[in-house]
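Every read-out reported here was derived from the displayed coordinates using simple, explicitly stated rules and does not represent laboratory data. All figures in this text were calculated on a predicted structure; none of them were measured in a lab. Positions of Cβ are backbone-derived with ideal geometry, glycine not excepted, and every protein chain shown enters the neighbour counts.
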Amino acid sequence: MFNRDFTQAFLRNKGAVGGLVIVAAIILLALFADLLFPGDPWDMAGAPFGHPFEDGLLFGSDMLGRDIASGIAHGARVSLLIGLTSTVVAVLVGVLLGALAGFHGGRIDDAIMRFTELFQTIPNFVLVVVIVAIFTPSLTSIVVAIALVSWAPLARLVRGEFLTLRSREFVQAAITCGQGNATIIFRQILPNCLSPIIVSASLMVATAILLESSLSFLGLGDPNAMSWGFMVGSARTVLRQAWWMSFFPGVAILLTVLGLNLVGEGLNDAFNPRLRRKRKA
Amino acid sequence: MPQMLRFLFSRLTKAIVVLGVVVVLNFTLIHAAPGDPATVMAGEAGAADQMFVDQLRKQFGLDQPLYVQLGTYVGHILQGDLGYSVRQQRPVVDLLLDRLPATVALTMSAFVLALAGGIAMGLLAAVNVGKWSDSVITVLALLSYATPIYWVGLMLVLVFSVNLGWLPAFGYESIGAGKAGLERFADILEHMALPVVTLGLFYMAVYTRLTRASALEVSSMDFVKTARAKGQSEWKIVTRHVLRNAILPVLTVAGVQAGQLVGGSILVETVFAWPGLGRLTFDAVLQRDYQVLLGVFFVTSVLVIVFNIITDLLYVLIDPRVEIA
């Protein structure tokens, strides 16, 4: 799947490469946050309401004199951590349910798809807010809530892939050979629909990061972790006096989500070179 | 007309199933919450000795088996009783109904703006594919798609209210201005401008991308070539042949995403102090007022179903091949 043609196609796409650079920079920022900005991001670093570049603080300070640049670096960890783990959980659930529905068909398919449709109808964000508020905000409750509302579209996608692949000859051959259902699902069919799963997973990370930032904007973030949404949310009331407090964390979210979206699209184009040529024409 | 009736009937059954699940989910969430509802209520009332908690348990039937409690809960909801907010000293239904009109006005306007704007921009990009206007639209859509909705709101306030002073930054109308009739209407419209644009922008980006992709796909089909071969004007080809076919997948997605639009209004209303359900949710989150939160979840689910039915009807209107079923 990741052969030379694929790499070349991906690297020829300027947007995708740009996205990859942004994402890599954010990951490095998260990894080396402690080296770049030693000390607790919650501690006072300068006078409150410091403009950018004042007191040697790149992006200024907030109402309590905390370093905004340091908050952004440390906040990258929370965003990436929650984005990645909730996506992993959602992918596991979505792939499993989608695979079962597509492979078995009939009543099982019907039941699973009704269930999936239900989760797509329910207002996602409201459900996330309700769950996190009731189970008190923590990394676990946030991850579970985000995963709960993200798996449905993927289950749909995987089911579709399984439905078409199931009638292909190599699957029929595997059945004739007497392979078990689990073997056929995981070793025969699943490897053949990995590329759409990878593409949607990369887009799901972006959505999860947006969801997490919205939660912490509403004050439902993990209270022990500095996060971008929290920084924007707490600076909201002083927007008139201090634009930089909500501006820079917002740009961090924008860049991260943009980068991930670009990478996702680049992957999609590289996996489907035929589609890409058609789109350009 | 019986077709129409059958359509509405099948839709209604579906809606009832969804709402039933929402109710059960609500019930489960209350009971899965850490601490039982009686202690939560006692905490909200500000007193918590054992006798009071026991009394509350009895009063609200919390000493009954779970399925009996579920039955009572469903019964209450069927009678339009969504619980009582101890914090605000009012029935939840009253709170919700007070706030519903503002949210409906905001989400509907944003939905219309997003759909109309998105389809127009997407079509414009598709017609000019590869030219600079296409690139500009694509980049703008990509950016709006990646921006957190509440941050867009804050930045718009910064530009249009704080710096330029063109539009009011928050509220539903000017308080104490004593405006009436048309003047009041204009005032409300002025207050609506920023929230509607904020909420609509994200979805406009989604629909722009969809329309562009779908219009490009349709343009390469045979019937478009035929139309061009028989000498039809470019304008007619785009509006009559391409647009009408390209719009269908966009509507499908728009229907599915209606729920997210309602969810997004929570954030937008928080930013603009818009007196709707979202603002109510934000306050309920701050006060940990679970009854109100669950009520909001129920009402927004109803809203989503209404949105879905509207998009389904639009679908039929645009594509005569789709039978109402």
query: Over what distance in Å are the Cα centres of region B:89-151 and region A:71-111 separated?
result: 26 Å
message: Using Cα springs under 10 Å in a Gaussian network model of chain A, which residue among A:240, A:168, A:12 shows the largest mean-square fluctuation?
response: A:240
Greater than 28 Å apart at Cα, pairs in B:131/B:225; B:131/B:236; A:14/B:230; B:131/B:230: A:14/B:230
Local electrostatic count, residue A:112, Cβ distance below 14 Å [Lys/Arg +1, Asp/Glu -1]: +1
- prompt: Computed FRET efficiency, Cβ-Cβ of residue B:230 and residue B:128, R0 22 Å: what is it to the nearest 0.05?
  reply: 0.40
- prompt: Roughly how tilted is helix A:106-121, in degrees to the nearest 10 and between 0 and 90, from the longest Cα axis of chain A?
  reply: 20 degrees
- line: Nearest-0.05 FRET efficiency for residue B:188 and residue B:72 at R0 = 30 Å, using Cβ-Cβ distance, is 0.15
field: Quotient of Cα Rg and 2.2 N^0.38 Å for chain A, N being how many residues it contains
entry: 1.17
message: Could you tell me the calculated FRET efficiency between residue A:64 and residue A:169, based on Cβ-Cβ distance and R0 = 51 angstrom, to the nearest 0.05?
response: 0.20
- prompt: Tally Lys and Arg at +1 and Asp and Glu at -1 over the other residues with C-beta under 13 Å from the C-beta of residue A:74: what net charge comes out?
  reply: -3
- prompt: Using bins 20 angstrom wide from zero, how does P(r) for the protein assembly as shown break down, in % of all Cα pairs?
  reply: 17, 51, 29, 3, 0
query: Tally Lys/Arg at +1 and Asp/Glu at -1 over every other residue whose Cβ is under 14 Å from the Cβ of residue A:257; what's the total?
result: -2
message: Tell me which DSSP H helices of chain B clear both cut-offs, 30 Å or more of axial length from alpha-carbon atoms and a mean Kyte-Doolittle hydropathy of at least 0.0.
response: B:2-32, B:92-127, B:181-219, B:244-272, B:290-318
message: For residue A:138, project a label point 7 Å along Cα to C-beta. Then give me every residue of region A:220-253 with its amide nitrogen under 18 Å of that point.
response: A:220-226
statement: If the chain between residue B:140 and residue B:108 were fully extended at 0.36 nm per residue, the gain over the current Cα-Cα distance would be 9.2 nm
- line: Residue separation between residue B:163 and residue B:24 times 0.36 nm, minus their alpha-carbon distance, gives in nm 45.2 nm
message: Please compute the Kirkwood hydrodynamic radius over region B:180-282, one decimal place, Å, based on all pairs of different Cα atoms.
response: 16.5 Å
- prompt: For chain A, modelled as a Gaussian network with Cα springs under 10 Å, which listed residue fluctuates most, A:263, A:232, A:21?
  reply: A:21
message: Quick check on region A:131-281: take the gyration tensor over C-alpha atoms, sort the square-rooted eigenvalues as a ≥ b ≥ c, and tell me if it's rounded (a/c under 1.5), prolate or oblate.
response: oblate
field: Label point distance in nm, residue A:84-residue B:79, each placed 7 Å from Cα along Cα→Cβ
entry: 5.3 nm
- prompt: In terms of the Cα gyration tensor, with a ≥ b ≥ c the square roots of its eigenvalues, is region A:1-142 rounded because a/c is under 1.5, prolate because a/b exceeds b/c, or oblate?
  reply: oblate
Linear extension gain, residue B:63 paired with residue B:248, 0.36 nm per residue minus alpha-carbon span: 61.3 nm
message: If I build a Gaussian network model for chain A, linking alpha-carbon pairs within less than 10 angstrom, which residue out of A:122, A:146, A:72 has the largest mean-square fluctuation?
response: A:122
Relative contact order for chain B, counting Cα pairs under 8 Å that sit 6 or more residues apart, in percent: 24 percent
field: Under 14 Å from the Cα of residue B:14 - aspartates and glutamates, other chains or at least 8 residues apart
entry: A:117, B:312
